[in-house]
Each structure stands twice: as C-alpha cells, then as structure tokens.
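The values are calculated or read from the model by the stated rules, or taken from the named source; none is laboratory data. Predicted, not measured: the structure shown is a model, and the values here were computed from it. Don't worry about glycine lacking a Cβ; one is built from the backbone with ideal geometry, like all the others, and counts go over all protein chains shown.
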Amino acid sequence: MSKKNTITLSKSELKILEDLVLDYGSVVDFNMISKKIGKNKNKQEIKNIIGKLVKKGWLVRIKRGLFAVSDIYSRGSVTFSQQTIAQIIDVNSYVSFEGALQYYGMFDQYLKTITSIGLKRAYYKKFSNWVFRYIKSKKELFGDFKEYNIDGRLVKIAIREKAILDFLEYRRSFYSVDLVIERLKDYKNDIDMKKLISISKKYSLTSKRVLGFILDFLNYNSDDLYNEIKKNKNHSFMTSKSKNFNAKWRLYVDDYFVNK
C-alpha cells in the first residue's frame, strides 16, 4: 500500500491488513482477522477494530463474518466480478441465467441482478449496487456446471446448455422464452444441441414441452425429446397468458411465438 493512501490507517491497522492479504488473500473471515489482531484482544475489542476498518473502507463486508480487503485503488469497494461475489456469498451454489451467459460472451447487457441456483431456501442479498438472488433447486437438477478460476477463486458456473434450461424451468416467461430462442439462434455453433436435449430430460414436463416447441420453431430435430413425452396426454402452459394450443407438444403458447 502506498504511504499517501494509508493516512487513515494506524501502523497496527496497516500491519493487520497486510498480514491478512499475505496469508489469506483478499477475502477473509472473522476468525482470520482475529488471529491477525492478536490474542490479547477480547471479542468486543476485535469487533471494534473490524468496525473501524469497515467504516474507513479498508474492509468491505460481503456477508456476516466475511469481508473483502480493499486495495489502494478501490477503497470502500471490491474489484471482484459479479460471478465471484455470487460464489463467495454462497459457496454451495452455481451462477446461472444471464450471469452464466455473460461469462460465455452470450449476454452483453449490464446486470444489476445475478441469479444463482442452490440447495438452500430461496433468498437474496444486496451488495454494493447489485442484487444476488438464490433459487432453491431439487437435488436432481443441481449439477451440469463447471468450476472456473476467476479473480483467483474457483467459481461454479452453469454450462451453456444448463443456463438455457434453467430459464425454462425457474423463470419461464415471455422474456425468457424469447431470450432462449435468440441465444439458440445466434450462438448455434456454441451450444451442443444433443447435450441440451439430454440434460432437459431431468427437467419438468412443461420445460421439456417448451424446449420441444422452441426446437421446432428453430427447425432443429426434436424427435428424441418428443419421444420422451408423447405418451403424456395432459397439457401445459408456456406462460400464464398463453392461449394458442400446440397439439404436438400439448402446450398452450403465446400468440407472439405462433405469428413470429
């Protein structure tokens, strides 16, 4: 740290921060900080020191008991990617939806919300100017992600095909269906259609029907998926406003996708 950027730090505080980064990296928890503050301090004294470092902007609270150490260029904030922060908040989750597609270069809009899939209850956390949402998944649908080294940390991100299917399962809407159609059309060389269909067989009947309709819409071979669901004679709805019945998939779809 440059001297001109440490004027708000005492020598002892500076030593604590430097030792934390040296031994643990940029993300630290309460116990790590306690060790560097010293055994001669009680728990309340340690909390007071941490509170001062947070107030000064040298520690940024990510969640209860977990902090990021600011560098001299970002005091009061962190320089991690949104995907990395999402993983730090909940290590037992994977980034999906737009956040995953963005990582693969398939979504270029600025994201204020990153949504991940986990096995806990559904919840969200605000951090900096972002919102991190977590959707609870069934165990059989929790998978098909890869770990990537981002910002020096391992981050779980849904593979492309999985991110596409999560839209249809957890956030089925006009926007999501249209986004899936556009991504399958624009990035057909990046998406493994056989893998997409194979993974989809784990998903709900409605998601499989919507995917089947999309495949037909884009003139992809949907026979394998159709054989998977053709014996079921009930019906499903693409969205709450769907009124146009597709007999093959026994699916009510929005007029927009029929007339497009």
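Beta carbons closer than 7 Å, at least 6 apart along the sequence or on distinct chains, pair a first residue in region 143-159 that is closer than 14 Å to ILE85 by Cβ with a second that is of a type in the set (S, T, N, Q) and assigned to a loop (DSSP other than H, G, I, E, B) for ILE150/SER81; ASP151/SER81. Tallying residues that are among the aliphatic types (A, V, I, L, M), without any contact (Cβ under 8 Å) to a residue 40 or more places away in the chain, under 14 Å from VAL155 (Cα atoms) and in contact with an Asp or Glu (Cβ under 7 Å, 6 or more places away or on another chain) within region 79-117 yields 0.
Kindly indicate whether ARG183 is over 22 Å from SER236 (Cα atoms), modelled with pLDDT under 95 and either touching a Gly at 6+ places or on another chain (Cβ under 8 Å) or of a type outside the set (Ser, Thr, Tyr) (or both). No; evaluated as a whole, the condition is false for this residue. Contact annotation: no residue pair with Cβ atoms under 6 Å, 6 or more positions apart or on different chains, pairs a residue in region 241-260 that is not assigned by TED's automatic domain parsing to the domain that holds ARG172 with a partner that is among the acidic types (Asp, Glu) and assigned to a helix (DSSP H, G or I). The number of residues in region 74-88 being at pLDDT 70 or above and either surrounded by fewer than 18 Cβ atoms within 10 Å (Cβ to Cβ) or touching a His at 6+ places or on another chain (Cβ under 6 Å) (or both) comes to 1. Could you tell me whether VAL253 is crowded, with 19+ Cβ neighbours inside 10 Å and either among the charged types (D, E, K, R) or farther than 26 Å from ILE159 by Cα (or both)? So VAL253 fits the description; yes.
Assessment of region 61-73 against the conditions (out of contact with any His (no Cβ under 6 Å at 6 or more places or on another chain), acidic (Asp, Glu) and at pLDDT below 85) yields at least one matching residue.
Residue-by-condition table, conditions (1) under 16 Å from the mean Cα position of the chain (by Cα); (2) acidic (Asp, Glu):
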| residue | (1), (2) |
| --- | --- |
| ASP144 | yes, yes |
| GLU147 | yes, yes |
| ARG153 | yes, no |
| ILE159 | yes, no |
| TYR175 | no, no |
| LYS185 | no, no |
| LYS188 | no, no |
| MET193 | no, no |
| LYS202 | no, no |
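Taken across region 170-187, residues that are under 27 Å from GLN109 (Cα atoms) and of a type in the set (Gly, Ala, Ser) do occur, with at least one present. For the structure I just gave you, tell me whether LYS43 is surrounded by 13 or more Cβ atoms within 10 Å (Cβ to Cβ), charged (D, E, K, R) and without any contact (Cβ under 8 Å) to a residue 40 or more places away in the chain. No: the conditions fail for LYS43.
Taking region 20-75 on its own, how many of its residues are of a type in the set (D, E, K, R) and within 29 Å of the chain's Cα centre (by Cα)? Qualifying residue count for the region: 8.
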